[in-house]
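What follows draws every value from the coordinates through simple rules; no lab data is involved. Here the structure is a predicted model, which is why all the values come from computation and not from measurement. When we count neighbours, we look across all protein chains shown, and the Cβ atoms used for this are built from the backbone with ideal geometry, even at glycine.
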Amino acid sequence: MHDVVIRGGTIVDGTGAPAFQGDVALDGDRIAQVGGKAGPARREIQAEGRLVTPGWVDVHTHYDGQATWDPVLAPSSWHGATTIMFGNCGVGFAPVRKAHHQALIDLMEGVEDIPGIALAEGLKWDWESFPEYLDALSRLPRTIDVAAQIAHHPLRVYAMGERAIARELATPEDIDLMARLTEEALRAGAFGFTTSRTDQHKTPAGDLVPGRYADHEELIAIGRAMGRAGRGAFGMLSDFEDEAADFAWMNQVAKDSKRPVWFLLTDRSYDPQRWRRLMDGVRAARAQGLPLSAQVAGRPVGLILGLTTSLNPFALRESFAELARLSPAEQLARLRDPAVRAQILSEEASPRLLEVLPPLSRQIATRWDRMYDLGGKPDYEPPPERSIAALAAKAGQTPQEYCYDFLTGAMAGGCCTSPSPTTSMATWRWCGR
């Protein structure tokens, strides 16, 4: 008798073979049968009309804080992910000295829009070194597996203190310490190292992240430490301001470390040929036998925009910003005032607010042709005719008028289904649209 049988589901086994219907049987912690009709079981799960697949590995998450207090890690576990990787984009919480707890919270809040108050209340900080952070993760029961990477920004702050926050160049002693700590983390179980070299990543105060302009020699030295450890992958996000220089140091890391090197390939510019050039760089590295890869999202990245989110289409206007201190109900009442509406719609983006907002965020908040009504059942591949720009043209309004009325629930018979401050839109960017 089997322990568990999942009966009658549509099986997608991960091999690339066509889907087929059948049973999946489990004995203890092993899969005993895939397909066909399984025998009796102590527990049976009826799966007709459902997909049965291997668990998904989500290689790019930011559960660095939540993983220390939440055993379930929803919504990833709800969506079928059985392993998640965090420590991406160069942000994380180890290693850390007590004096820099808030600085690392600010980094995560600014880069990934995770509320600082949630992190401040949830993090126990019962670690200093990265191995101690892994120990803290291991003390919590798990619904799904977790994998942590050592992130460049906390590593740099740990090694350099305030000099890292001020983005000063590292000394040879600083670099040696970062390399040794990286090797220590990998030997303790870190799955890799990540960094970020983009103007999109800033603190809530608008400051660039500590590793934004780290010298290439610093990164190459960390790569050599990975080679000594013989494990882990080196990952990064970059604006690729100097494509040739970036490929030169990435290739050097791959050559010295013999470890996989990857970068996020997202269309962060309006140069339609750039992704082709970047892929040419990957192919050239591969031709030399170097393990360099581009990591591409299977679907364009989406962001939720609404009155209560940190970014929305009117966030750059002074009159809207003045209402941010109000409660959601008070803010909504003011926004529904015709005089307030007229004032906000008459304004342009404020230079003061533009100064602290990364370039990509400015695009996200102003590209009406890439904004869509999120709705009760999100469509992750919406057609162009459903964009805010297209709907506004159909309604005889400007996109900003249409959007404002949508967000405040002021549309009569329109697509706004709830006159509440939670009414939201999604903006889909920037790969292939």
Please identify the GluC sites (Glu not before Pro) of segment 164-218 that satisfy two criteria: DSSP loop assignment and at most 16 other Cβ atoms within 10 Å. Which are they? GLU168
Tell me, what does the Kirkwood hydrodynamic radius of segment 255-327 come to in angstroms if you use every pair of distinct C-alpha atoms? 15.9
For segment 228-290, which trypsin sites (Lys or Arg not before Pro) are both in a DSSP coil and crowded by at most 16 other Cβ atoms within 10 Å? ARG231, LYS258
Which value in Å does the Kirkwood hydrodynamic radius of the chain take, with 1/r averaged over all unlike C-alpha pairs and then inverted? 24.2
For the chain, the dipole about the Cα centre with charges only on Cβ (Lys and Arg +1, Asp and Glu -1), to the nearest 20 debye, works out at 900
Under a point spin-label approximation (7 Å from Cα along Cα-to-Cβ), what is the ASP242-GLU217 distance to one decimal in nm? 1.5
When TRP125, TRP249, TRP78 are ordered from fewest to most other Cβ atoms inside 10 Å of their Cβ, what list results? TRP78, TRP125, TRP249
Spin-label pair ASP176/THR308, simplified geometry with 7 Å Cα→Cβ offset, distance in nm: 5.3
For the pair ARG167 and ILE117, how long in nm is the line joining their label points, each one 7 Å along Cα→Cβ? 3.0
The relative contact order of the chain, taking Cα pairs under 8 Å that sit 6 or more residues apart, comes to a percentage of 10
Using helices alone, I'd like the mean residue ellipticity at 222 nm for the chain: each DSSP H run of four-plus residues gives -39500 (n - 2.57), total over residue count, nearest 500. -10000 deg cm²/dmol
For all pairs of alpha-carbon atoms in segment 57-296, what percent lies in each bin of width 5 Å, listed from the first bin to the last filled one? 1, 7, 15, 19, 20, 17, 12, 7, 2, 0
Restricting attention to segment 58-147, which trypsin sites (Lys or Arg not before Pro) occupy a DSSP loop and are surrounded by at most 10 other Cβ atoms within 10 Å? LYS124, ARG139
For a quick check, take a GNM of the chain with Cα springs below 10 Å and name the residue from GLY87, GLY28, GLY298 with the largest mean-square fluctuation. GLY28
One finds, for ALA333 and ASP145 with R0 = 45 angstrom and r their Cβ-Cβ distance, a FRET efficiency to the nearest 0.05 of 0.45
When DSSP assigns beta bridges and you keep just the ones with both residues in the chain, what percent turn out antiparallel, to the nearest 5? 40
Is any residue of segment 109-152 close enough, with backbone N under 16 Å, to a label point placed 7 angstrom from the Cα of HIS60 along the Cα-Cβ axis, and if so, which? 111-113, 149
First measure r as the distance between the Cβ atoms of ARG30 and LYS377, then evaluate 1/(1 + (r/R0)^6) with R0 = 45 Å and state the FRET efficiency to the nearest 0.05. 0.75
Among LEU134, LEU107, LEU345, which comes first, second and so on when ranked by fewest other beta-carbon atoms within 10 Å? LEU345, LEU134, LEU107
